[in-house]
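Step one of this worksheet: look at the structure below.
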Number of protein chains: 4
Amino acid sequence: MSPDFNIVRTARAIVRVIDLHAARDFYVNGLGFIETEADDKHIYLRGLEERGHHSYVLKKADQPGVEVISYKVAEEEDLDKLATALVDKGMVLKWFEKGSQHALGRAFRVKDVSGIPVEFFCGMDTVERMLQRYDLYRGSKMQRIDHFNCMVPDVQKAYDFYINVLGYACSEYTTTKDESIWAAWLHRKPTVHDTAFMNGKGPRLHHVGFWLTDPMSIINTCDVLASLGYASNIERGPGRHGLSNAFFLYLRDPDGNRVELYTGDYFTGDADFEPIRWDLNDPQRATFWGHEAPDSWFNEAMQFVDLDTDKPIAVSGAKLDQQKPNFIV
Amino acid sequence: MSPDFNIVRTARAIVRVIDLHAARDFYVNGLGFIETEADDKHIYLRGLEERGHHSYVLKKADQPGVEVISYKVAEEEDLDKLATALVDKGMVLKWFEKGSQHALGRAFRVKDVSGIPVEFFCGMDTVERMLQRYDLYRGSKMQRIDHFNCMVPDVQKAYDFYINVLGYACSEYTTTKDESIWAAWLHRKPTVHDTAFMNGKGPRLHHVGFWLTDPMSIINTCDVLASLGYASNIERGPGRHGLSNAFFLYLRDPDGNRVELYTGDYFTGDADFEPIRWDLNDPQRATFWGHEAPDSWFNEAMQFVDLDTDKPIAVSGAKLDQQKPNFIV
Amino acid sequence: MSPDFNIVRTARAIVRVIDLHAARDFYVNGLGFIETEADDKHIYLRGLEERGHHSYVLKKADQPGVEVISYKVAEEEDLDKLATALVDKGMVLKWFEKGSQHALGRAFRVKDVSGIPVEFFCGMDTVERMLQRYDLYRGSKMQRIDHFNCMVPDVQKAYDFYINVLGYACSEYTTTKDESIWAAWLHRKPTVHDTAFMNGKGPRLHHVGFWLTDPMSIINTCDVLASLGYASNIERGPGRHGLSNAFFLYLRDPDGNRVELYTGDYFTGDADFEPIRWDLNDPQRATFWGHEAPDSWFNEAMQFVDLDTDKPIAVSGAKLDQQKPNFIV
Amino acid sequence: MSPDFNIVRTARAIVRVIDLHAARDFYVNGLGFIETEADDKHIYLRGLEERGHHSYVLKKADQPGVEVISYKVAEEEDLDKLATALVDKGMVLKWFEKGSQHALGRAFRVKDVSGIPVEFFCGMDTVERMLQRYDLYRGSKMQRIDHFNCMVPDVQKAYDFYINVLGYACSEYTTTKDESIWAAWLHRKPTVHDTAFMNGKGPRLHHVGFWLTDPMSIINTCDVLASLGYASNIERGPGRHGLSNAFFLYLRDPDGNRVELYTGDYFTGDADFEPIRWDLNDPQRATFWGHEAPDSWFNEAMQFVDLDTDKPIAVSGAKLDQQKPNFIV
């Protein structure tokens, strides 16, 4: 049964960094984000295709951390219906009036079923779309935000909430030998995901995924980053995911925040699309070419900040024992 | 106001050809379609990403013509609700029970407001998806069907019907000097279009658009077609559309049917996306690089076949005088 | 019989422009040349791969024109041996001592057998190679100078001189129905050409060809030029040459000077390589995909400036009647 | 001082495999080599660009091993002059008359200064070039042979012989802290190399390098190999070499023989080109993006077979202590 509200897509993340100048160099000069606006505490970034004011906010702080991850709903009334549905589930919302967050309309934040600080909004200020300003394309030719990937202790619980309460659909998932769900890729827009959940110590944000136009933009990103002295910020890839079929690159920014550059995947909008199952230990699941991911990719993730206390959110151990695939090509 | 049914996307076309063998060589060897199945009167084709049995049917006939263009709805009940809405408008439906068309579920056909024979269905047999069978990739690395483009005498009328009755949204449109709508790009899935309408003698099908992964697949298509002796089947491009920002190539098959290979465009799923307006005579509208399209591209299109009589549908002259852009770079 | 001197490759051109600022914007911002140095009368440009000070000189003048096209020899003694060979043929050399031309070693200029002002030199100042400064890559990601293409009234005469006197080899050539050589591609470095000669009113310089890394750099060039308002400067392409197999784009700079962006071709360094013959009217010769070149491409070319008088060199009509292919795909 | 003979380029390798069928599937279906000819003991392979009968010979044997690596000279008289020069150095030649090796002209084999079995020849049968048969392009779109890389105990000795006796030039080299040459890239054709020597237990053949047109051909190779079940044959990459600037992929065939797919590098034909020096421990030397090569890449290589005894050639330990870089990005 579909909910009576319409969440459209992954929309923005607010990520803390210690040094705004260092972060700007990495994201703008290295990755090719458009800097919409900045003040002494924030840099508002967007991709070349995006007409919204921003999809990624760098916020100056004493230590790294993720303030919130946000989704856009279709209409203002969807926001109210969604709020009602969550309050009915006993959840506590924190509302932000239009304008109380820079360039953003009315919004609320809530701890989701895994404890992740999630935000929903409908409206954002619009700015000039740079899609056909090819003269401004740099680095990865950053197009738009695509998805979030979160580590949570109980993937099944997150899965049930996003599918049954929020109306997400599952495109692909990973199971352990005993058929427990180890990870799941869930979407609202008809791509492989808006949000993925992986079994692990959490809740933590594993990465924010950004959409590029093609694999050569990822190769070019590696070349540009290496030219600028950021070779050590390349954590994993480039490669082809088996799961999702996307071409990917994982990067760590100067504060250690992880972003994925992502292109490919496929159309998932058919109502009768059947989710694709992968065994956790299938060596082509993570990288179709059989390359192993580094341990840091499995062990390290970004801490969320508590909506109320502004302190790092406490994390719990994963419910499923296996922390990473047994890797045998 | 949204309708209470959900059309998901462009789904298939049935196109008549005189010589099945010649058509197979062009589409399978040249363009890289997967041939799902064939009998002595049909070839059922699909793209590498498609799990549906087919998205393009070649049907043997004495003369070329387009039998129907089809859309997929989300659920079986959407089909009934849509049928009711159309019958309420006074339209006459022609139902096909499940299985009466090969590999297809329950469906109905109807002449749309421009007289175009349109089909809606929910279910189709599924087959193995070849997305990760890279060893089978050939030619254009054909991925999936994307859109239809139709020439109609009255674009405003088609626009109103698809927007107001069928629940499409407009991504981009073209106007003449007096602000009449000369062409419009309308979508259900969040891409630039599922269906475009252009001012012209009609109703006729201008082309069926297929999605590729990247521009190099289009360059490769030109090379492969030229190697196989199909250079003269390349009608226009490769190039970048200003409108849609897509990278494109227009081809004529051995019977003169036109297909577009198409990659790029952008996400259009935000409810507050504002349609982009182009002047008909803007030289970067059709081709961002300023290249002029050949006259054949404006003058020639495929005839639809009447649902009842099986004869070519009569066409009328365009309502707006200007048949093509005044081209001055 | 090989000559006793060693010409290595196409090395530089000096091209006159009326507005240096307009030219800089086109070549540096549009095409991605590195500006090594400039004064109020010159801009010295080089590609990302080039360690020589420049390969293309823009020189301010009242009207466009080509001052000289230059080749690099292996050693200083090759310069002297070559000079001797030319003087023995009755040719008149004009010597320039080291430093008398900015950044250039000892050089001489001479009118070749077609009347083209040609220069030979061995040494040029070297500068930092930017090949791995991917952060500086812009537009076409310009790599290096590749070749010259000249229109001359008597291709056979030019062919004989470059092959027999200068020691070039022929990779491909075009003949008319009566087996006259209509065009020839001649090389010293083992690529398809350092210099091509085409039948036409001349001597005139048809274009200077520059090497790029791959076809996508050419697609990207079109996008960037269109973004910057240079759509009308795209004269022909992108496309694949049948002859040479290279992927190409022809551009006109703000003064109408023509450059070709060029990538692909193949290794021609085997001594037993047999030149490939093409019929002038083969539609896949010029563009493998069958696209016709515009008339301007056949009719317009750059005038050379006389070494002595600094006036435009007089041109003569072509010896072979056919000025362009009869084009039937 | 240049020698009086002219070695043109790397030309072919004869590599032993245990299972010809398995090898064919890997090289032809996986990598896209053209199979010119085969008998029950040999498969003769060439790239799409090659007009020579073969550049890579698979020879059935009981155990893997490299029979010979071969270079092509310009003219038959170069072969004789080279032979004389080598005999003058006290080397022993083994001549093969024209036709005694399939499709090959007159040739001789000799143990080079490192004990490597090297062959020189001038003529080879020619066959149809498939460069413009894009319909036959598969897998990596294999173009042509490019280079050999050999592990030898004494790189300085090999360097001196190839530079001073054979007339090679050095494009790039790697030194240890005390300025000893740890590796060197040497060329005859004007690319980065025809032959590289690396410090290591040897003589052994580290890999045969083949030229592709662009990086996407390498990405496509990974996808195709993974589809065909060859994921575990991908040993290293894809990546960008710092040294050479080439884009690369290292593969192990079913018998463990190593090939490199290679594209990029740059023009090295200027006589005044100054070799580029790299520190062995510079992390961007091997992979510009900072990725570490696996141990197998440093430790494993192919054994040569003795020209006379047909037994594996004895290998000696490396002269320089450091076997691989100290890797710190």
- Work out the mean other chain Cβ neighbour count within 10 Å for the residues of D:277-284 and drop it here as an integer. 1
- Item | Additional length obtainable on full extension of the chain from C:Ser2 to C:Asn164, 0.36 nm per residue less Cα span | 57.5 nm
- With +1 on each Lys and Arg Cβ and -1 on each Asp and Glu Cβ, how big is the dipole of the range D:141-303 about its Cα centre, in debye rounded to the nearest 20? 300
- Relative contact order [Cα under 8 Å, 6+ residues apart], the range B:141-303, whole percent: 26
- Measuring from a point 7 Å out along Cα→Cβ, what nm distances, shortest first, does C:Gln63 have to its partners in the other copies? 5.9, 7.5, 7.9
- Item | Rotationally averaged projected area of the protein assembly as shown (alpha carbon convex hull; nm²) | 51.1
- Query: Dividing the convex hull volume of the Cα atoms of the range C:7-121 by its residue count, what figure in Å³ per residue is obtained?
  - Reply: 110
- Query: How far is the Cα center of the range A:287-329 from the Cα center of the range B:281-329, in Å?
  - Reply: 54
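Please compute the length gained on full extension between D:His42 and D:Asn299, using 0.36 nm multiplied by the number of residues separating them and subtracting their Cα-Cα distance.
Contour length minus Cα-Cα distance gives 89.7 nm.
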- Item | Candidates C:Lys60, C:Lys72, C:Lys41: whichever shows maximal mean-square fluctuation once chain C is modelled as a Gaussian network with Cα springs under 10 Å | C:Lys41
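State to the nearest 20 debye the size of the charge dipole of the protein assembly as shown about its Cα centre, where the only charges are +1 on K and R beta carbons and -1 on D and E beta carbons. Write down the numbers at each step before the final one.
Working: 148 positive and 196 negative charges, 1 e Å.
Taking the Cα centre of the protein assembly as shown as origin, the dipole is about 0 debye.
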- Note on the structure: Most exposed first, judged by fewest Cβ atoms within 10 angstrom, A:Ile313, D:Ile218 run A:Ile313, D:Ile218
- Note on the structure: The alpha-carbon center of the range B:116-159 and that of the range B:222-269 are separated, in whole Å, by 14
- Message: Under the rule of at least 5 residues apart or a separate chain, name every residue whose amide H is placed under 5 Å from the amide H of B:Ile276.
- Response: B:Glu172, B:Tyr173
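For A:Asp308, A:Asp135, what ranking results if the residue with the fewest other Cβ atoms within 10 Å of its Cβ goes first? List each step's numbers first, then the result.
Working: A:Asp308 11, A:Asp135 19.
So the residues, fewest neighbours to most, are A:Asp308, A:Asp135.
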- Query: Regarding chain A, what is the average projected area of its C-alpha convex hull, in nm²?
  - Reply: 15.9
- Note on the structure: Residue span D:Glu292 to D:Asp306: 0.36 nm per residue of separation minus Cα-Cα distance leaves a gain in nm of 1.7 nm
- In whole Hz, what ³J(HN,Hα) sequence does the range D:223-235 give by Karplus (6.51, -1.76, 1.60; θ = phi - 60°), x for Gly and Pro? 4, 5, 4, 5, 4, 8, x, 9, 3, 6, 7, 7, 8
- Message: Within 10 Å of each Cβ in B:255-268, how many Cβ atoms from other chains are there, averaged over the peptide?
- Response: 2
- Just rank B:Met142, B:Met91, fewest to most, by other beta-carbon atoms within 10 angstrom. B:Met91, B:Met142
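Taking the Cβ of D:Phe33 as the center, what net charge do the other residues with Cβ under 13 Å away carry, scoring Lys and Arg +1 and Asp and Glu -1? The partial results should precede the final answer.
Numbers: positive: D:Arg12, D:Arg24, D:Arg46, D:Arg138, D:Lys141, D:Arg144; negative: D:Asp25, D:Glu35, D:Glu37, D:Glu49, D:Glu50, D:Asp253.
Result for the local shell: 0.
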- Give the shape of the range D:79-170 as rounded, prolate or oblate, defined through the alpha-carbon gyration tensor: a ≥ b ≥ c are the square roots of its eigenvalues, a/c under 1.5 means rounded, and otherwise the shape is prolate if a/b is larger than b/c and oblate if not. oblate
- Message: How far, in nm to one decimal, is C:Asp306 from itself in the other copies if the label point is set 7 angstrom along Cα toward Cβ? Shortest first, please.
- Response: 7.6, 7.7, 9.0
- Measuring from a point 7 Å out along Cα→Cβ, what nm distances, shortest first, does D:Phe161 have to its partners in the other copies? 4.7, 7.0, 8.2
- Note on the structure: Amide H contacts under 5 Å for D:Asp194, restricted to residues at least 5 apart in sequence or on another chain and with H modeled in the peptide plane, are D:Leu186, D:His187, D:Arg188
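Rg/Rh for the range C:181-329 to two decimals, with Rh computed the Kirkwood way over all alpha-carbon pairs.
On the way: Rg = 16.0 Å, Rh = 16.6 Å.
Rg/Rh for the range C:181-329 comes to 0.96.
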- Item | Relative contact order of chain C, pairs being alpha-carbon contacts under 8 Å that are 6 or more residues apart, as % | 18
- Task: Please report which chain D residue places its beta carbon nearest the axis carrying chain D onto chain B, with the distance rounded to a whole angstrom.
- Result: D:Met216, 3
- Across peptide D:216-224, how many C-beta atoms of other chains are within 10 Å of each residue C-beta, on average? 6
- Excluding B:Asp214 itself, what net charge comes from residues whose Cβ is under 11 Å from its Cβ, given Lys and Arg +1 and Asp and Glu -1? 0
- Message: Below 10 angstrom from the Cβ of D:Arg9, what's the summed charge of the other residues (Lys, Arg +1; Asp, Glu -1)?
- Response: +1
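Computed from the coordinates by the stated procedures, all read-outs in this text should not be read as laboratory data. All values reported here derive from a predicted model rather than from experimental measurement. With ideal geometry, Cβ positions are generated from the backbone for all residues, glycine too; neighbour counts draw on all protein chains shown.
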